[in-house]
Amino acid sequence: MAYQSIEPPSGRFVGSARHKSLREARAPASPPRHLLSASILTIDDVDELCQLAYDFETGHATSTAAAGRTIALLFFQSSTRTRLGFEAAAVSLGAHAIGMEDMSSSRTNRRVGESLEDCAAVVSRLCDVLVVRHHEPGAAARMAAKSVVPVINAGDGWNEHPTQALIDIYAMRRGLGSIRGKSIAYGGDPRGRVVRSLMRLLSLEGPREILFCPPPHYEVPADVLAMIAESQIACRIIPTIDTALTNCDAVVMAPYDMTECAEPATSDFISPHETPPDYAINAEKIERLGSRTQLYHPLPRFDEIDPSCDDLPNAMYFEQVRLSRFMRMAVLDRLLSDS
Ligand code: CP
């Protein structure tokens, strides 16, 4: 798998001591591979990860690479799914997860000021993989530059969230049979970090078209639109979510305002959680439109999908969470196999 590689400074010894004598372990080795962006994944990588996730789910795969290894969870921003999802994946693989409940009690805080780079240099010598969430775009890449073990970007500000996108693709492949030729809509704030990673992977899947239903005050980022255009996938902006519910095979929803993506853990920002009716989905709307569109959401959801939808056959978002553990197991297994 062509995971992202950042060259360490020349002369640094990064050899793993697993299965090696101490003397052999001091030989120079390849630089660690990282998963910082969905852009480094090929369709073959996605196919392989989806197959491996399925094999973990069905008990046809076990990981020898991950057993007994240590996964450090460095979450500088709040998280439920990603943090506990990686922890659950680590447990299922026979690995161990370490981390701090609150990274502001580490030395990498505003008061003490140890750099992200030094944090990575230190913690990577205590574990086999770093999983990093931070409010600053590029934070995971900064840590990867100093880490002696693979780094997984678990969300960096507005930038990317590649494992969430892999989960979304895996869930849609499972729900739709195939994404190729399908019409996929994205509802809610299009600036979030999932959208960039997801559109990179969707571009590989060959959907017929991608529709966005963004709030009028937030535009789809230009680089995301350019990426879709480059893939020669039709793209439209639609004014209400009804169009998606009547025309699309699947809609991936996001909150109406994702500003919190770029906010530090100490921020006072409180998401407004007020989605205008034209942009929100509820059971009455699904029934009135006779919609069979599948509903996906990386979560957390607020009022953009009403809980009245949760028991409808359209609702895929909690199944998406169930599948997430197997995809994260696949990602950890592949990175640990290469390191
Ligand atoms: N989807 C997602 O990243 O959720 P968390 O913020 O809870 O990790």
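The values are calculated or read from the model by the stated rules, or taken from the named source; none is laboratory data. Given the structure is predicted, the values throughout are model-derived calculations rather than measurements. For neighbour counting, all protein chains shown are included, and Cβ atoms are generated from backbone atoms with ideal geometry for every residue, glycine included.
Of the residues making up segment 305-329, those that are surrounded by fewer than 24 Cβ atoms within 10 Å (Cβ to Cβ), touching a residue at least 24 places away in the same chain (Cβ under 8 Å) and over 21 Å from ALA53 (Cα atoms) are ASP306, SER308, CYS309, LEU312, ASN314.
Yes/no matrix, rows are residues, columns are (1) part of a loop (DSSP other than H, G, I, E, B); (2) without any contact (Cβ under 8 Å) to a residue 24 or more places away in the chain; (3) within 16 Å of the ligand (Cβ to nearest atom); (4) on the phi < 0 side of the Ramachandran plot:
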| site | (1), (2), (3), (4) |
| --- | --- |
| PRO255 | yes, no, yes, yes |
| CYS261 | no, no, yes, yes |
| PRO264 | yes, no, yes, yes |
| ASP268 | yes, yes, no, yes |
| GLU274 | yes, no, no, yes |
| ASP278 | no, no, no, yes |
| ILE286 | no, no, no, yes |
| PRO300 | yes, no, yes, yes |
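Taking residues in segment 143-167 that are within 21 Å of GLU114 (Cβ to Cβ) and among the acidic types (Asp, Glu), and partners anywhere that are away from the ligand (no atom under 12 Å from the Cβ) and in a helix (DSSP H, G or I), the pairs with Cβ atoms closer than 8 Å and at least 6 places apart or on different chains are ASP156/ALA139; ASP156/ALA140; ASP156/ALA141.
Determine if segment 255-270 includes at least one residue that is outside the structural domain of SER78 (by TED's automatic domain parsing) and under 27 Å from GLY181 (Cα atoms). The answer is yes; a qualifying residue exists.
How many residues does segment 145-164 hold that are away from the ligand (no atom under 12 Å from the Cβ) and either surrounded by fewer than 24 Cβ atoms within 10 Å (Cβ to Cβ) or more than 16 Å from LEU336 (Cβ to Cβ) (or both)? Give the derivation first.
Step one: of segment 145-164, the residues away from the ligand (no atom under 12 Å from the Cβ) are 145-152, 157-159.
Cutting the leftovers down to either surrounded by fewer than 24 Cβ atoms within 10 Å (Cβ to Cβ) or more than 16 Å from LEU336 (Cβ to Cβ) (or both) gives us 145-146, 148, 157-159.
Matching residues across segment 145-164 total 6.
Counting only strands (runs of 3 or more DSSP E) that sit completely within segment 94-210, those holding 3 or more residues that are among the hydrophobic types (A, V, I, L, M, F, W, C) correspond to 129-134, 151-156. Apart from one condition, GLY113 fits all of (1) farther than 27 Å from PHE56 by Cβ; (2) of a type outside the set (S, T, N, Q); (3) more than 16 Å from the ligand (Cβ to nearest atom); (4) under 18 Å from the mean Cα position of the chain (by Cα); the exception is (4).
Output the residue which, of all residues in segment 84-97 that are under 18 Å from SER124 (Cα atoms) and surrounded by fewer than 22 Cβ atoms within 10 Å (Cβ to Cβ), is nearest to the ligand (Cβ to nearest atom).
Filtering segment 84-97 for residues under 18 Å from SER124 (Cα atoms) gives 86-87, 90, 95-97.
Among the residues that remain, those that are also surrounded by fewer than 22 Cβ atoms within 10 Å (Cβ to Cβ) are: 87, 96-97.
Values: GLU87: 11, HIS96: 20, ALA97: 14 Å.
Residue satisfying both the conditions and the ranking: GLU87.
Cβ separations smaller than 6 Å between residues 6+ apart or across chains give the following pairs from segment 203-219 residues that are over 15 Å from GLU230 (Cβ atoms) to residues that are outside any strand (DSSP E or B) and basic (Lys, Arg): TYR218/ARG191. Filtered by the rule that a residue be among the β-branched types (Val, Ile, Thr), within 16 Å of the ligand (Cβ to nearest atom) and either more than 14 Å from the chain's Cα centre (by Cα) or modelled with pLDDT under 95 (or both), segment 61-83 gives a lone residue, ILE71.
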